[in-house]
Amino acid sequence: MAGDLILILAGDKIATQKAMSELRLEMGNRLSLRKNGEFKPLWVYDFPLLEWDEETKRFYAMHHPFTSPKAEDIQLLDTDPAGVRANAYDCVINGIEIGGGSIRIHEEGLQKKMFRVLGFTEADAEHQFGFLMQAFRYGAPPHGGIAFVSTGLVALLAGEDSIRDVIAFPKNNAARDVMADSPSEISETQLKELFIKIVKI
């Protein structure tokens, strides 16, 4: 029909999905589908557990290496790691995340398998997380939780799109705090105290 528009995006999956998300929000604003004062909460779940990095040719944890996979997907860790879903969840209102969490791995065997998929050698895993593996041997109960993002909720109630507009010490897109002029240059005295030497290449 007259006035219809079809947009096709192509490219790297993650980058394309992010672009589609931004397009969706922009069109929601242009078509007045996003209204201040209307709150649409939802739960997001079935996230991928792992993401593949082309540069390093290995998987990384989408959330952290202690997030449990869905019980029905555990066998896929050996055959199709990219297809494993995380036992994780986010609470979202009007497109703003106000909380998120996961169920943690609580079994030594599953945690060891997760470390292997992430490229840890057995020695590396023991060196960095031996205390955790030892705790599992005593029998850790299933556990999980959720952390709420107060700044996300405040931004939502204030009608702002960015939490930078409501936090006490906002940073810009370059991670620079313009109010405190941070990060700033470090004095030679501070460098000596910290045993740091800056070498220009």
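The values are calculated or read from the model by the stated rules, or taken from the named source; none is laboratory data. Please read these numbers as outputs of a predicted model, since none were measured by experiment. No Cβ is skipped: glycine too gets one built from the backbone with ideal geometry, and neighbour counts run over all protein chains shown. For accessibility, only protein heavy atoms count, side chains too; no ligands or nucleic acids. Shrake-Rupley method; radii C 1.70, N 1.55, O 1.52, S 1.80 Å.
Which distance in nm do the two modelled labels at Arg30 and Glu72 give, with both placed 7 Å along the Cα-to-Cβ direction?
Taking the simple label geometry, Arg30 and Glu72 are separated by 3.9 nm.
Please work out how much accessible surface Tyr60 shows to a 1.4 Å probe, ignoring ligands, DNA and RNA, in Å² rounded to 10.
About 80 Å², ignoring ligands and nucleic acids.
Per-residue HN-Hα couplings for the range 11-28, Karplus 6.51 cos²θ - 1.76 cosθ + 1.60 at θ = phi - 60°, whole Hz, x for Gly and Pro?
x, 4, 4, 5, 4, 5, 5, 5, 5, 5, 5, 5, 4, 4, 5, 4, 5, x
Return the sequence-ordered ³J(HN,Hα) values of the range 108-116 in whole Hz as given by the Karplus equation 6.51 cos²θ - 1.76 cosθ + 1.60 applied to θ = phi - 60°, using x for Gly and Pro.
Rounded to whole hertz, the list is 4, x, 5, 5, 4, 4, 4, 4, 4.
Hey, what did the range 105-149 get for relative contact order, percent, Cα under 8 Å, at least 6 apart?
Once divided by the residue count of the range 105-149, the mean separation gives 53 percent.
Between Glu54 and Lys113, take the C-beta separation as r, use R0 = 22 Å, and let me know the FRET efficiency to the nearest 0.05.
The formula returns an efficiency of 0.40 here.
Counting only the heavy atoms of the protein chains, how much of Leu118 is accessible to a 1.4 Å probe, in Å² to the nearest 10?
10 Å²
Provide the per-residue ³J(HN,Hα) series for the range 37-47, in order, calculated from phi with Karplus coefficients 6.51, -1.76, 1.60 and θ = phi - 60°, each as a whole number of Hz, with x at glycine and proline positions.
Running phi through 6.51 cos²θ - 1.76 cosθ + 1.60 with θ = phi - 60° gives x, 9, 10, 10, x, 7, 9, 10, 8, 6, 5 Hz.
Give the relative contact order (percent, whole number) for the range 1-95; include only Cα pairs under 8 Å separated by 6+ residues.
So the answer I get is 30 percent.
Could you name the lysines in cross-link range of Lys13, using Cα to Cα under 23 Å and dropping any fewer than eight places away on the same chain?
Lys57, Lys70
May I ask you to derive the relative contact order of the chain, considering only C-alpha pairs under 8 Å and at least 6 residues apart, and to give it as an integer percent? Each step should come with its number before you reach the end.
Details: 221 pairs, mean separation 29.7, N = 201.
After rounding, I find 15 percent.
Where nothing but the Cβ of Lys and Arg (+1) and of Asp and Glu (-1) is charged, how large is the charge dipole of the range 18-94 around its Cα centre, in debye to the nearest 20?
Charge dipole, the range 18-94, about its Cα centre: 480 debye, nearest 20.
Taking the Cα centre of the range 1-112 as the origin and placing charges on Cβ (Lys, Arg +1; Asp, Glu -1), which of Gly83, Leu25, Leu7 is farthest toward the positive end of the dipole?
Farthest towards the positive end: Leu25.
Quick one: P(r) of the range 98-175 from all Cα-Cα pairs, 10 Å bins, percents rounded to integers, in order of increasing distance.
Bin by bin from 0 Å, the calculated values are 16, 28, 18, 25, 12.
Using a 1.4 Å probe on the protein chains only, how many percent of the accessible area of the range 59-201 belongs to carbon and sulfur?
Carbon and sulfur together cover 57 percent of it.
Kindly state, to the nearest 0.05, the FRET efficiency for Phe148 paired with Ala2, given R0 = 35 Å and r defined as their beta-carbon distance. The partial results should precede the final answer.
Numbers: r = 46 Å, r/R0 = 1.32.
So, using R0 = 35 Å, E works out to roughly 0.15.
Accessible area per residue of the range 89-201 at 1.4 Å probe, in Å²?
With all protein chains present, the range 89-201 gives 71 Å² per residue.
Probe radius 1.4 Å, ligands and nucleic acids left out: which of Lys70, Lys35, Lys200 has the largest accessible area, and how do the rest follow?
Largest to smallest exposure gives the sequence Lys200, Lys35, Lys70.
On a full-extension model of 0.36 nm per residue, what is the gain between Gln190 and Met62, subtracting their alpha-carbon distance, rounded to one decimal in nm?
Additional length available on full extension: 42.5 nm.
Quick check on the range 48-201: what are the equivalent-ellipsoid semi-axes from the Cα gyration tensor, as sqrt(5λ), descending, whole Å?
Largest first, the range 48-201 gives 34, 26, 16 Å.
Sorted from largest down, what three extents in whole angstroms do the Cα atoms of the range 1-66 have along their principal axes?
Over the range 1-66, Cα extents along the principal axes are 46, 30, 15 Å.
Quick check: convex hull of the Cα atoms in the range 1-124, volume per residue, rounded to a whole Å³?
With only Cα atoms used, the range 1-124 gives 154 Å³ per residue.
Can you sort Glu122, Glu54, Glu108 by solvent-accessible area, 1.4 Å probe, largest first?
From most accessible down to least: Glu122, Glu54, Glu108.
Would you rank His106, His127 by solvent-accessible area, highest first, keeping every protein chain in place and using a 1.4 Å probe?
His127, His106
Report the charge-dipole magnitude of the chain in Debye, nearest 20, computed about the Cα centre from +1 at each Lys and Arg Cβ and -1 at each Asp and Glu Cβ. Display every interim value, and only then the final one.
Values: 22 positive and 29 negative charges, 26 e Å.
Magnitude of the dipole: close to 120 debye.
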